[in-house]
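The values are calculated or read from the model by the stated rules, or taken from the named source; none is laboratory data. Source: prediction; values computed, not measured. Counting neighbours? That spans all protein chains shown, and the Cβs are built from the backbone with ideal geometry, glycine included. Side chains included, ligands, DNA and RNA excluded: accessible areas come from the protein's heavy atoms. Shrake-Rupley method; radii C 1.70, N 1.55, O 1.52, S 1.80 Å.
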Amino acid sequence: MDSNTRQDQGDTQERPVWHAQDPDQVVRHWESHADGLTTQAAEQRLEQHGPNELRPPEKAGPLMRFFRHFHNILIYILMVAALGTALLGHWVDTGVILAVVLINTLIGFVQEGKAEKALDAIRKMLSPRALVLRDGHRREVEASSLVPGDVVYLQAGDKVPADLRLLNAKNLRIDEAVLTGESVPVEKAVPPVARDAPLGDRLCMAYSGTLVTFGRGRGLVVATGQTTEVGRISTMLGEVDSLQTPLVRQMEQFGRWLAGVIIVVAAATFAFGYWVRSYPLDEMFLAAASLAVSTIPEGLPAILTIALAIGVQKMARRNAIIRRLPAVETLGSVSTICSDKTGTLTRNEMTVSSLRSREHHVQVDGVGYAPQGGFAEAGQDINPDEDPVLAQALRVGLLCNDAQVFEKEGHWVMEGDPTEGSLVVLARKAGMDPQTEQGQMPRVDVIPFESDHKYMATLHRDHDGQGVIYLKGAPERVLELCEHEQTRDGARPLERAWWEQAMEEVAARGERLLAVAARDARPHQNELSYSQVEAGGFSLLAILGIIDPPREEAIRAVGQSLEAGIRVKMITGDHLITAQAVGGLLGIGGGKKATAISGHELDHMTPEQLRETARTTDVFARTTPEHKLRLVQALQHGGSIVAMTGDGVNDAPALKRADVGVAMGHKGTEAAKEASEMVLADDNFASIAHAVEEGRTVYDNIRKAILHMLPTNAGQSMTIMMAILMGLALPLTPVQVLWVNMVTSVTLAMALAFEPSEPGVMKRPPRNPNAPLLSGFLLWRIPFVAVLLWLGTFGHFVWMEEVVGTSSELARTVAINTLVAGQAFYLLNLRLIYQPVLRGWAIFQSRAMWLAIGILVLLQLAFTYAPVMNTLFGTTPIGWEDWARILLFGLALFIIVELEKTVLRRLPWVNTD
């Protein structure tokens, strides 16, 4: 039996709740003991449970992935176009169309071939080596050889090699941000916790792939490989299906509809011409093929790809790196953004934001580790140095501290505990220099912070021999050791109820609490013992409120998103009160208090309740990877197009399931990046708003291209059909049809892919993703313009041939130039789909459009006057009076379409969003 099979069987068993069991129970369950496993027992278990590795998924080979990209209705339409041109003997055109097919396929193959690397990235997260107890001796082994029942040692800097039930913990803190999103390392303990405790509250567990930041510990391996928490995420990621983008769905629907129309119209025309008009069979076959070729928009897939590629380049310039091409357009239809909190909406840099002494309530400005900011009380700037209590509180925070904050390559960085780092920054903001303060009041002894007593104490003595003990820690613990509270006039008895009320007020704002206190030392005291601190007698100086502050640019981006009709929801592993407070600071909820719910409440909801909660709730706290994935699915079930942002391993399944997964470039894990469609190079939530704007622009430009190509093709088809119905000579030969299609696609329609954003693009609501590509206004505009083009082209041809009596070559040359002139003037109308293009001179704000028209003029002059072109296409030179009528028709079409815009904007039932 191979390891994969064994692992599968292990997955189907019910998972024991190790965090709710005593250490002795867990040791007995795995038949282990204080000396660890024997080497023989470990080898047997390795055979039974398999290596401590994440198994690779089955993958399609490169050839299969390449050919999968041909399974697309647009590709089928292009193949039909190639077949049609081949049947007509136009091998150059066949080659061009097949080249478009190949380019499309290669772009898709290269862009999407990377999408399945997410599992590989997670696999690399397991620690390569581990310190384990075997045969009663410590030894370093390959992490892949760990088995359940092994005793593993942990120390600062280690990556946890497997899921462990802790047996011993000494000041052990583990950074679990990659699994829970918690911004602060978690203090670990040995006692069991509640059975239903969320992942972030299982203090007696150490999970594979997380990082030990402080202290040391010892744990028993309870899960390896695929059965670990990170292994379960890997399994979830393999089971999550990526969704089709709205544009792909719409283009497939549009392609099926267009293919049906082409077949019906070509067959009906062939039947009418052959049986009713008695045209020769081969002539009617070529006419029907010509009709089909004229209807198929050969350039549309190429324009679609180019518009998306241009969107990719524009987004890259705005720090949004697109990994999958269709995600560009999907961003434009996003209606809900689900964002992780830590490092995405917030800075992931702990900052002291408030300081409460007995006489002062001080707000602290400035965020992050840069010591820039000030102090204010009741809106008035203050200097903490002028108040002895505030100055002493800042000094305690600075000296009872092991963190360092310094400038490196133009950026302020912190080494040590993030909370302690925030205290160093606070003192620096008040003008205190750490080296100077340490020199004036050197440290003599220290009691390090331990989770058992929840405080850190230091003994200091100045150069006159006067000693003082500084204390900082959890407020409830520090209060127990205080007898007095310090004021400007000296110490007075502690009013505990007042301080507890103050703590509640600070905590209600989502701030983490820390208390600082001081006490005079005994004369000539050189050592500090635990019993001396526990004797109490301290004077309480202040309560500090610490937050992971929101990014300023994220606050603006949330406002822009709400203005664009996009709801922003925060899904985090952090505590409920903290999450709700940060949500309020960010403006999530649209000015109202953000509604919040804890992850464990989601566990008992029915699917219907979950969908309603997902729709109405703004903030989700204490969430697990399963919660994030279920919330994304619930929102999608309600019709939302969901963008999910995140940076941790825990976000990867939800990133993959979301319509657009957005990973952080700097602080994001490789697993998150590989599961996403977009990576933010600057880790800036604000870049998403820019990306949404570009996505909406791309969709607008694709619609403009369709609005330009379909009336053109329809006008050509109507011209050919009417000629057959009336028994006239064809106004356009098949080779001339291909010329018009390819030239106008390459020049005019291609220019639309480069169009800048329309005014107010971020003021309108997201489009309905279920709405067809052609609906409402577009279904009117396409036939309206098609009829105008047909009237000008067919009318001019009939007038030249029947009234003036010119040759068919001259009539056809005039007809083709009339059609192309109409298309060029109509291109100017499309600078703005709904608004007048002359207002604000918008018509002159697109360089690409005028460049395309200039190239088209040169091509049409060559088509009309170059002898070689006359021979190839059966054209002949025309006179200036013919050009005058052609340009007059183009101008008339431009004016009529502008008038149509004006009328439609005033009709209440016409949606011009």
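As an exercise, find the ratio Rg/Rh for the range 356-448 from alpha-carbon atoms, using the Kirkwood inverse-distance average for Rh. Present the calculation step by step, with values, prior to reporting the outcome.
Working: Rg = 13.5 Å, Rh = 13.9 Å.
Computed over Cα atoms, the ratio is 0.97.
Out of the chymotrypsin sites (Phe, Trp or Tyr not before Pro) in the range 863-913, which ones are loop residues according to DSSP with at most 13 other C-beta atoms within 10 Å? It would help to have the intermediate numbers written out before the result.
Details: sites: Phe863, Tyr865, Phe873, Trp880, Trp883, Phe889, Phe894, Trp909; in loops: Trp909.
Listed in order of number, the matching sites are Trp909.
For the chain, what number results from the quotient of the Cα radius of gyration and 2.2 N^0.38 Å? Walk me through the numbers before you get to the answer.
Details: Rg = 35.6 Å, N = 913, 2.2 N^0.38 = 29.3 Å.
Relative to the 2.2 N^0.38 Å estimate, the chain comes out at 1.22.
Output ³J(HN,Hα) for the range 346-357: one whole-Hz value per residue in order, computed from phi by the Karplus curve 6.51 cos²θ - 1.76 cosθ + 1.60 with θ = phi - 60°, and x for Gly and Pro.
10, 7, 6, 9, 4, 9, 6, 10, 8, 9, 10, 9
What residues have an amide H closer than 5 Å to that of Asp150, excluding those fewer than 5 places away on the same chain, when H is modeled at 1.01 Å from N in the peptide plane?
Val221
Where does each of His666, His29, His796 land when they are ordered by accessible area, with a 1.4 Å probe and the largest first? Mind showing how you got there, number by number?
Values: His666 140, His29 105, His796 20 Å².
The most accessible residue leads, giving His666, His29, His796.
Length gain on complete extension for the stretch His637 to Val17, per 0.36 nm per residue less the alpha carbon to alpha carbon distance?
On the way: separation 620, 0.36 × 620 = 223.20 nm, distance 3.18 nm.
Extending this stretch completely gives an extra 220.0 nm.
Filter the chymotrypsin sites (Phe, Trp or Tyr not before Pro) in the range 807-851 down to the DSSP loop ones having no more than 16 other Cβ atoms within 10 Å, then list what survives.
Values: sites: Phe825, Tyr826, Tyr834, Trp841, Phe844, Trp850; in loops: Tyr834.
Those satisfying the criteria are Tyr834.
Order the peptides 561-571, 37-47 from the highest to the lowest mean number of other Cβ atoms within 10 Å of their residues. Write down the numbers at each step before the final one.
Details: 561-571: 21.7, 37-47: 15.5.
Result, highest mean first: 561-571, 37-47.
For the range 126-179, list log₁₀ I(q)/I(0) at each q in 0.13, 0.17, 0.19, 0.21 Å⁻¹, using the Debye formula over Cα point scatterers of equal strength and ignoring solvent, two decimals each.
-0.31, -0.54, -0.67, -0.82
How high is the FRET efficiency from Val264 to Ala508, r the C-beta distance, R0 51 Å, rounded to 0.05? Please list the in-between numbers first.
On the way: r = 68 Å, r/R0 = 1.33.
Computed FRET efficiency for Val264 and Ala508 comes out at 0.15.
Apply the Karplus parameterisation 6.51 cos²θ - 1.76 cosθ + 1.60, with θ equal to phi minus 60°, to every residue of the range 326-332 and state each ³J(HN,Hα) to the nearest whole Hz, in sequence, with x for glycine and proline.
Ordered by residue, 3J(HN,Hα) equals x, 5, 4, 6, 4, 4, x Hz.
Starting from the exponent 0.38 and prefactor 2.2 Å, build the expected Rg for the range 296-454 from its residue count and divide its actual Cα Rg by it. Mind dumping the intermediate values first?
Numbers: Rg = 24.3 Å, N = 159, 2.2 N^0.38 = 15.1 Å.
Rg over 2.2 N^0.38 Å, computed on Cα atoms: 1.61.
Specify which residue in the list Phe873, Leu707, Phe754 is farthest towards the positive end of the charge dipole of the chain, using unit charges on the beta carbon of Lys, Arg (+1) and Asp, Glu (-1), about the Cα centre.
Phe873
Would you work out the relative contact order for the chain, in percent, from Cα pairs under 8 angstrom that are 6 or more residues apart?
Values: 1790 pairs, mean separation 117.4, N = 913.
Once normalised by length, the contact order is 13 percent.
Taking the highest mean first, how do the peptides 408-420, 326-338, 611-623 order by number of other beta carbon atoms within 10 angstrom per residue? Mind showing how you got there, number by number?
Working: 408-420: 14.2, 326-338: 25.8, 611-623: 21.5.
Result, highest mean Cβ count within 10 Å first: 326-338, 611-623, 408-420.
With only Lys, Arg, Asp and Glu charged, each at its Cβ (+1 for the first two, -1 for the last two), find how big the charge dipole of the chain is about the Cα centre; round to the nearest 20 debye. Display every interim value, and only then the final one.
Working: 84 positive and 103 negative charges, 506 e Å.
So the magnitude is around 2440 debye.
Lys656: which lysines have alpha carbons under 28 Å from its alpha carbon, excluding same-chain residues fewer than 8 sequence positions away?
Result set, ordered by chain and number: Lys59, Lys114, Lys117, Lys124, Lys159, Lys314, Lys341, Lys569, Lys628, Lys667, Lys673.
Taking R0 as 22 Å, what FRET efficiency do you get between Arg216 and Lys667 from their Cβ-Cβ distance, rounded to the nearest 0.05? Before the final figure, lay out the partial values.
Values: r = 26 Å, r/R0 = 1.20.
Computed FRET efficiency for Arg216 and Lys667 comes out at 0.25.
At 0.36 nm per residue, and after removing the present C-alpha to C-alpha distance, how many nm does the segment from Tyr76 to Asn770 gain when stretched out fully? Don't skip to the end; give the middle numbers.
Values: separation 694, 0.36 × 694 = 249.84 nm, distance 2.32 nm.
Working it through step by step, the gained length comes to 247.5 nm.
So what is the 222 nm mean residue ellipticity for the chain from helices alone, if each DSSP H run of at least 4 adds -39500 (n - 2.57) and you divide by all residues, rounding to the nearest 500 deg cm²/dmol? All intermediate terms of the calculation are to be shown ahead of the outcome.
Details: 33 runs with 423 residues, N = 913.
The per-residue figure over the chain is -14500 deg cm²/dmol.
Would you work out which of Val147, Thr336, His29 lies farthest towards the positive end of the dipole of the chain? Charges go on Cβ: Lys and Arg +1, Asp and Glu -1.
The one lying farthest along the dipole's positive direction is Thr336.
What residues have an amide H closer than 5 Å to that of Trp412, excluding those fewer than 5 places away on the same chain, when H is modeled at 1.01 Å from N in the peptide plane?
Residues meeting the criterion, in which the H sits 1.01 Å from N, do not exist here.
For a protection proxy built on the mean count of beta-carbon atoms within 10 angstrom, sort 159-165, 526-532 highest first, please. Can you show the working numbers first?
On the way: 159-165: 26.4, 526-532: 12.4.
By packing density, highest mean first, the sequence is 159-165, 526-532.
Label-point separation (nm) for Glu612 and Thr436, each offset 7 Å from Cα along Cα-to-Cβ?
Calculated label separation equals 6.2 nm.
By how many nm would the segment from Arg139 to Arg65 lengthen if fully extended, with 0.36 nm per residue of separation less the alpha-carbon distance? Numbers along the way, then the final one.
Details: separation 74, 0.36 × 74 = 26.64 nm, distance 4.52 nm.
Stretched out fully, the Arg139 to Arg65 stretch lengthens by 22.1 nm.
Whole Å is fine, so just give me how far the alpha carbon centre of the range 447-522 lies from that of the range 374-409.
Centre-to-centre (Cα) distance: 16 Å.
Sticking with the crude label model, points 7 Å out along Cα→Cβ, report the distance from Ser757 to His33 in nm, one decimal please.
Inter-label distance under the simple model: 7.0 nm.
Determine, from the Cβ-Cβ distance of Glu407 and Ala681 and an R0 of 22 Å, the FRET efficiency 1/(1 + (r/R0)^6), rounded to the nearest 0.05. Working shown, then result.
Working: r = 23 Å, r/R0 = 1.06.
Once the sixth-power term is evaluated, E becomes 0.40.
How many nm is it between the label spots at His463 and Ala892, if each spot is 7 Å from the Cα in line with the beta carbon?
9.9 nm
What does the range 351-547 give for Rg and for Dmax, in Å, if only its C-alpha atoms count?
Expressed in Å, the Cα Rg and Dmax of the range 351-547 come to 15.8, 49.
At 1.4 Å probe size, put His460, His600, His690 in order of accessible surface, largest to smallest. If you can, show how the numbers build up before the last one.
Working: His460 5, His600 90, His690 60 Å².
Correct descending sequence by accessible area is His600, His690, His460.
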